[in-house]
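Values quoted throughout were computed directly from the atomic coordinates according to the rules given, and no laboratory measurement underlies them. If you're wondering where the values come from, they're calculated on a predicted model, not measured in any experiment. In this analysis, Cβ positions are derived from the backbone assuming ideal geometry, glycine residues included, and neighbour counts consider all displayed protein chains.
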Amino acid sequence: MKPYGGTMDPEEHVAQFKERMEIIPIPPHLKEACMCRGFGSTLIGSALKWLFNVPPYTSTSFTHLVNLI
């Protein structure tokens, strides 16, 4: 999976990330946290800077986080 730096389609990147996360056996009660924490590792450049600027506790779910994009 290519890292997302802000120049490609963000919806496509999120869809690829979700698909890859589905193959990992994560307990349901930890899935949201793992997706939120793992998403940053797929970002570079301005996209990663954007994530660092999202105030803590702003997002209540992975879906909410990607809707902030």
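Overview of values
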item: The stretch 23-68 - residue that is of a type in the set (S, T, N, Q) and touching a helix residue (DSSP H, G or I) at 6+ places or on another chain (Cβ under 7 Å) and, of those, surrounded by the fewest Cβ atoms within 10 Å (Cβ to Cβ); result: Ser61
item: Among the candidates Ser41, Ser46, residue that is polar (S, T, N, Q), part of a helix (DSSP H, G or I), within 17 Å of Met1 (Cβ to Cβ) and out of contact with any His (no Cβ under 8 Å at 6 or more places or on another chain); result: Ser41
